[in-house]
Structure formats: structure tokens, C-alpha cells
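Trainee: Dropping the structure in here first, questions after.
The values are calculated or read from the model by the stated rules, or taken from the named source; none is laboratory data. Quick caveat, the model's predicted, so the values are computed rather than measured. Every residue, glycine as well, gets a Cβ built from its backbone with ideal geometry; the counts of neighbours run over all protein chains shown. Quick note on the areas: whole protein, heavy atoms, side chains included, nothing else; ligands and nucleic acids left out. Shrake-Rupley method; radii C 1.70, N 1.55, O 1.52, S 1.80 Å.
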Amino acid sequence: MGITCTAVLIVMAASAVIATTTTTTTITDNEMDNTLLSKFYNFVSSSLFIKYDYAYGQATDDFQTFSLSLSTPYSDMPIGFEGTLSDIETLKDDLDDSLKETIMPSSPSPSSPSPQDKHITKGDKVLDFSQSPLLKSKDTDIDKDNKYNSNKENVYVVDYKNIRVQKFTDEGNFILKWGTNGRDNGQFGVPHGIDLDKKGNVFVVDMNNNNVQKFDSEGNFLLKWGSMGTDDGQFMHPHSIALDSNANVYVTDMASFNVQKFDSEGNFLLKWGSMGTDDGQFNAPEGIAIDSLDNVYVSDTDNNNVQKFDSEGNFLLKWGSMGTDDGQFKRPAGLDVDDANNVYVVDAGNNRIQKFNSEGHFITSWGSKGSQPGDLSSPHDIAIDSVGNSFVVEQDNFRVQKFDADGKHISSWGSEGGSDYQFLDPHSVAVGH
């Protein structure tokens, strides 16, 4: 018996012209051992003349999985992804309709968390909320009315591998969640970026389904747009999202090397960017944020920099290079801007947050690799609230941490798992009313 594996190559020129080539072979039973994935990818690379590398997940020192390389290796796979890849039947099923570098993780079966999993840390103290009346389900009146958070902001977290969005108060109390695996309205393939408009509507980017979905603040589906392709309004690997003061929507596309701008109903307005290292070019446009003047900041994971544009996509300035010094980056990921237009960048590979002014001048930084309160391990995104507190999601520590404007730890919540309050790959975060 054999398994037929089909590999698809997307050949991208800087002009974003896409050509697809397909080749087929058979892997016999004798090859199905612990090195099956390595053999399979070696076959793909030799057959299609493309390079596969051992790639490191964002901001981690430990090997995670293979990743398709373009000019420079890049990986944004969920944590623990190699466990799913070891199942060849899942691999075969997931490859058949995908022209992307991402292979869908299987959806875990939720299990009830133990009491010690329901906790929030305050400074160095761990507070047990397992019996707290604040920990209500989404169907209770308390959570629907959000009486415990009436004058504060809410925190929305995209869990890449649990394929859902969870909503919390800014103190970490669970409110509700939504999302299941699929292609229908309100479902996700691989949810990634998230942002809010002034009305509290939630916009979520789906990398696998190549679309943007809009929900109200309770997770009810409103509309969606996007499909796979390189035309205006289409995506190849949409990643992050941000809204300006007029509710225009900006989306980064990792595989098309550009930023697209839409109105709040998903109508295409303009786009900019191409593959490269020059001003206005990208190799891996990851995070995106917008300041009070509607200037747009884009972090480039492979070019290790941040670029600033006006709202029409005109290049203004950039800063950053590869390294560990102040103002340098190792795979910058998410970023956000506070009300004073200071820019906070998740320096993922260096396990820290760096803060700059709007001209890219370094102000301060915090974080080092670890699992204690205030430590960071594979941080991936950041969101700033209206008083300057920051919320950082960490892939390896399966949690959200809250800091003040100077980087002092305030609180943390989350643990590993598939139940409420838990995460398998907290990937993106947004905060607002």
C-alpha cells in the first residue's frame, strides 16, 4: 500500500505573478518511520527546485517544524505543530487544497481546566479565581452586560491553534468566545490578525481561508471579504490587520509582500509594496498599526525593521536592523501605537518589547526569556489600551501579560489547553470598548 502525496509550488516574482507547478510520487510503507516528514520534504524540495529549511517558530530557540523558504526562512506555524505533522493522513488531507505555506492544525478536544488552571497573577502573587463569581460563562447575564467591566476596555485574543477568539475583561476575566474550524460565515481556517473599530466591531484575518471577517462585539457574524489570488481584494497569505480613524481597514499579506487598504465594508481602495529590501518593499510584512494621524507602521519579520507610511502608502521612514542592541530586532512580530503615538514593537526573537517614538527613536525596552511574571517566551503580538497599558500574548507561555507604559508587570492570565481561559497558541491581541 502507498500514499500519494501532491506538492504544490507557488513561484512568486516581485511583480506578484504566480505560477503553479504540480508533481506527484508515491511513498511506500517502508518509508513511514520517524523520519517520514524529513524524507517527504526532501522529496518536495528536490522535485520542485525550492528550498525547505529547518525553521524556528517566531521568537523561540527550540526547533518546531519545517517551513517553506522564499528568500529568507520564515515560519509562523502554531506551537506544537510538529505533533500534527507526524500524522501522514492528516498531512495528506491538509495539503490537497492548500497553496499556502500553512498546514492546518487539527482542532483539539476541549477539556475542563483544573482549578489551578484558572488563575491570574498580580505581580509575583498567583490569585486563585476557581470559585470566583466573576468566572461566568458567556450565557450569564453578568457577562452579557459586562457589569464588572462597564468603564474599562475588553481584551480579544486570537488562539491560532484552538481556532477561536476569546474575549476577556482587562483584568483577565473570561466573557465569551467564538469560532470553529471551517469555511462558513463565522468559522475560521487559521485565524491570525485582529483589530477593533470605534463601535466595538471585531475584524479577524483568516490566513487559511484568505479572507477578513467582521463581527460585532458579541461575536455575531456581520460580513466578510477576500479570496485566494493576487488581484485587488484577494490574498495569498493575509496576516495582520489595523483600522484607521475613518474605519478603513489595512491588511498585510506575507506572500504578496504588500499592504491592502479597504473601507469598513471591504471595498478595495489601494495597495502598496513589493518583494525586496528597499524603502517601501517587504520580505515578510508581519504586524501593522496606525497612529492618531493615520500614519501606518509595518514590521517586517525578515528585513528586521519597521517602516512608516502615510495613509496612501507613501514611504516616510524606517528603522531597525538585525541584532540585540537597542533599536535592533530579531524577527519583529506584532506592534501597536499608544495615544501619544509611541510605537511598541514585539521583538520576538529577542523575547522583549521595544518602545520608540513616532520617528523611530528608541525609548525603552523590557522582557527577557523565561516563564515568571514579566518574563517573555515567544511573544507574538501587543495591544495598547487608552491609558497606555500593554497586553502581550506569548506562544510558549500560553498566556496574556499586562504591563504599564514603562513595562512594569501588572497581571497575567492563561494556561495551556483548550478550555475557557486557556490557549494553545495565543497569536494576536486587540483591546478596546
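Trainee: Only residues that are within 22 Å of K308 (Cβ to Cβ) and of a type in the set (F, W, Y): list them for segment 355-390, please.
Mentor: Correct list: F356, F362.
Trainee: Let me ask something else. Kindly evaluate N173 against the criterion of being within 21 Å of H433 (Cβ to Cβ), polar (S, T, N, Q) and open to solvent by 10 Å² or more (accessible area, probe 1.4 Å).
Mentor: Yes: the conditions hold for N173.
Trainee: Looking at G327, G367 in this structure, which one is out of contact with any Leu (no Cβ under 7 Å at 6 or more places or on another chain), at positive phi and either at pLDDT 95 or above or open to solvent by less than 30 Å² (accessible area, probe 1.4 Å) (or both)?
Mentor: Among G327, G367, only G327 is out of contact with any Leu (no Cβ under 7 Å at 6 or more places or on another chain), at positive phi and either at pLDDT 95 or above or open to solvent by less than 30 Å² (accessible area, probe 1.4 Å) (or both).
Trainee: If you check A255 against the conditions, is it assigned to a loop (DSSP other than H, G, I, E, B) and touching a His at 6+ places or on another chain (Cβ under 6 Å)?
Mentor: Taking the combined requirement at face value, the residue satisfies it.
Trainee: Tell me the strands (runs of 3 or more DSSP E) entirely within segment 179-240 that contain at least 2 residues that are under 20 Å from G287 (Cα atoms) and open to solvent by less than 20 Å² (accessible area, probe 1.4 Å).
Mentor: Once the strands (runs of 3 or more DSSP E) in segment 179-240 are filtered for at least 2 residues that are under 20 Å from G287 (Cα atoms) and open to solvent by less than 20 Å² (accessible area, probe 1.4 Å), what remains is 191-196, 202-206, 211-215.
Trainee: When the residues of segment 385-433 are narrowed to those that are within 18 Å of the chain's Cα centre (by Cα), in a strand (DSSP E or B) and aromatic (F, W, Y), which ends up farthest from K198 (Cα to Cα)?
Mentor: For segment 385-433, the residue satisfying everything is F423.
Trainee: On to the next question. Of everything in segment 283-324, what is among the polar types (S, T, N, Q) and surrounded by fewer than 18 Cβ atoms within 10 Å (Cβ to Cβ)? Give them in sequence order.
Mentor: Result: S292, N314, S321, T324.
Trainee: If you don't mind, there's one more thing I want to ask. Name the residues in segment 330-364 that are in contact with a helix residue (DSSP H, G or I) (Cβ under 7 Å, 6 or more places away or on another chain) and open to solvent by 40 Å² or more (accessible area, probe 1.4 Å), would you?
Mentor: Those that are in contact with a helix residue (DSSP H, G or I) (Cβ under 7 Å, 6 or more places away or on another chain) and open to solvent by 40 Å² or more (accessible area, probe 1.4 Å): K330, R331.
Trainee: May I pose another question? Condition check: touching a residue at least 60 places away in the same chain (Cβ under 8 Å), among the hydrophobic types (A, V, I, L, M, F, W, C) and over 18 Å from D300 (Cα atoms). Does V190 satisfy that?
Mentor: In short, yes.
Trainee: While we're on this one: Within segment 206-248, how many residues turn out to be closer than 18 Å to D381 by Cα, in contact with a Lys or Arg (Cβ under 9 Å, 6 or more places away or on another chain) and not charged (D, E, K, R)?
Mentor: 3
Trainee: OK, next. Which condition number in (1) under 21 Å from V296 (Cα atoms); (2) in contact with a Lys or Arg (Cβ under 6 Å, 6 or more places away or on another chain) is the one that K271 fails?
Mentor: (2)
Trainee: Quick one: D385 ticks every box in (1) crowded, with 18+ Cβ neighbours inside 10 Å; (2) acidic (D, E); (3) in contact with a Leu (Cβ under 8 Å, 6 or more places away or on another chain); (4) over 27 Å from M322 (Cα atoms) except a single one, so which number is it?
Mentor: (3)
Trainee: So is I175 on the phi < 0 side of the Ramachandran plot and touching a helix residue (DSSP H, G or I) at 6+ places or on another chain (Cβ under 7 Å) or not?
Mentor: Yes; evaluated as a whole, the condition is true for this residue.
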